[in-house]
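Visitor: Questions regarding the structure given below will be posed in turn.
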Amino acid sequence: MKYHAVNNPNSFGHIELSSESYIEDVSVRHYAVPLAEVLSDAKHGDHTHFELIVCDIQTSDGFKGTGYSYTGGRGGHAIKCLIDYDLAGFIKGRECSDIQALWHDMNWHMHYVGRGGLVSFAISAIDIALWDIRCKRAEQPLYKYIGGESPMARCYAGGIDLNFDQDRLLQNVQGYLDRGFGAVKIKVGKEDYLEDVARVTAVRELIGANTQFMVDANYSMDVDQAIDFSKAVEANNLVWFEEPTVPDDYLGYARIAENTRIPLAMGENLHTPFEFGYAIAQSKLGFLQPDASNIGGITGWLHIADLAKQANLPICSHGMHELHVSLMAAQPHAGYLEVHSFPIDQYTSAPLKLSACGQAIAPELIGTGVDFDLEALRPHLTQ
Ligand SMILES: [Mg+2]
């Protein structure tokens with residue numbers, strides 16, 4: 001597998017793009033957006049705010065595209081610096097529609113200090129801005145541009161709730177049901193796994209047999225602990241067990257998979273197509289969960305969607321539902337869109353909408369469909 005083996009983005013849609021559009025300016029801003037309450041999981045600890053790293057690209061023919069990445073509260077300043085100091089100047093003057101070549105070149109330009117990691121977050125913000133421009137020039141919403149026939153995407157509410165006591169957990173899950181979700185996920189990874197088992201059992205009792213249910217350990221268990229836990233909750237008919245153990249332990253995933261009937265899911269911590277390639281080949285996963293904010297943007301995400309299709313695996317998403325809804329709606333092998341707990345919908349002009357049957361609806365806005373409310377974000381601008 002090579003970086004240049006990505007799908008040719010020019011193969012999407014039917015619009016011939018002019019070759020007369022050059023990247024004239026690249027600017028980037030960092031926001032630290034507070035959360036209304038502390039949200040915790042097993043390994044990242046407490047989230048008090050999330051970061052947005054927003055990148056604007058201006059073209060020589062008058063288009064402006066906006067891309068972004070996000071974090072759970074750490075690393076955002078470094079991502080901004082990578083764009084400011086290393087990538088902005090590198091791509092200025094390049095043809096903006098040549099997204100595949102830019103993606104490839106940015107990856108190799110930063111390879112020595114990257115091979116994923118923060119570099120993939122920085123490339124993601126730029127790549128998403130370039131796709132915004134591409135869709136705007138084609139006058140199409142993203143989901144249609146990449147071949148989607150319907151804006152609908154199956155989805156679930158992804159809770160960050162390990163710090164909630166059981167009553168608060170159930171209240172939170174009930175809130176998801178009240179909003180119309182037909183699938184919910186909770187965090188696991190308590191010190192004593194029997195407490196996790198009790199929480200899973202209580203949530204299943206609350207939601208009934210017909211609501212889809214997933215759990216996420218944020219890689220907090222070792223392989224044997226994950227096997228013990230999964231055996232103890234198998235009767236609860238879980239759709240998947242997400243990140244039971246560290247994402248780099250590809251063979252450890254396989255051992256867990258061989259010892260449970262619950263399908264495994266991961267992807268939010270895999271930041272290159274190579275890492276996904278290893279996971280697909282070795283980990284016996286049931287679902288792939290790339291995140292366009294850290295896998296190299298829309299170009300990277302579509303590449304993983306392609307790998308998933310070849311491996312006969314459903315493609316899912318992690319985080320940034322406001323963007324992923326458009327990507328997921330266009331995939332014939334779509335699994336579930338994660339509707340994330342960070343309150344991004346308070347800061348965009350098109351908050352995610354659910355259909356009456358609990359499906360997410362991709363926006364019809366021209367471009368990526370993510371249009372930030374800059375007035376709402378302004379108080380949280382850090383530099
Ligand atoms: Mg997760």
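Visitor: Specify which of the listed residues (D161, D196, D167) is among the charged types (D, E, K, R), without any contact (Cβ under 8 Å) to a residue 40 or more places away in the chain, within 16 Å of the ligand (Cβ to nearest atom) and not in a strand (DSSP E or B).
Guide: Just a single option satisfies the conditions, and that option is D196.
Visitor: Which of (1) within 13 Å of the ligand (Cβ to nearest atom); (2) on the phi < 0 side of the Ramachandran plot; (3) charged (D, E, K, R) is the odd one out, the single condition E243 does not satisfy?
Guide: With (1) within 13 Å of the ligand (Cβ to nearest atom); (2) on the phi < 0 side of the Ramachandran plot; (3) charged (D, E, K, R) applied to E243, the lone miss is (2).
Visitor: Select from the range 200-227 the residues that are within 16 Å of the ligand (Cβ to nearest atom) and either in a helix (DSSP H, G or I) or among the acidic types (D, E) (or both) and write down the one among them that is farthest from D178 (Cα to Cα).
Guide: Result: A226.
Visitor: Right, H49: of a type outside the set (D, E), over 23 Å from D132 (Cα atoms) and part of a strand (DSSP E or B) or not?
Guide: yes
Visitor: On the given criteria, is G65 away from the ligand (no atom under 16 Å from the Cβ), closer than 23 Å to G369 by Cα and buried (at least 19 other Cβ atoms within 10 Å of the Cβ)?
Guide: yes
Visitor: Out of curiosity, is S230 part of a loop (DSSP other than H, G, I, E, B), in contact (Cβ under 8 Å) with a residue 24 or more places away in the chain and of a type outside the set (D, E)?
Guide: So S230 fails the test.
Visitor: Condition first: assigned to a helix (DSSP H, G or I) and out of contact with any Pro (no Cβ under 7 Å at 6 or more places or on another chain). Can you find one or more residues in the range 284-293 that meet it?
Guide: no
Visitor: Given the conditions (1) over 30 Å from L313 (Cβ atoms); (2) out of contact with any Pro (no Cβ under 9 Å at 6 or more places or on another chain); (3) not hydroxyl-bearing (S, T, Y), and given that I366 satisfies all but one, which numbered condition is not satisfied?
Guide: (2)
Visitor: Sticking with this one: Name every residue in the range 207-223 that is surrounded by 15 or more Cβ atoms within 10 Å (Cβ to Cβ) and either out of contact with any Ser or Thr (no Cβ under 9 Å at 6 or more places or on another chain) or among the aliphatic types (A, V, I, L, M) (or both), in order of residue number.
Guide: I207, T211, Q212, F213, M214, V215, D216, A217, N218, M221, V223
Any read-out appearing in this document is the output of simple, stated calculations on the displayed coordinates, not a laboratory observation. Fair warning: this is a prediction, and the values are worked out from it, not measured in the lab. Methodologically, a virtual Cβ is constructed for each residue, glycine included, from the backbone with ideal geometry; neighbour enumeration extends over all protein chains shown.
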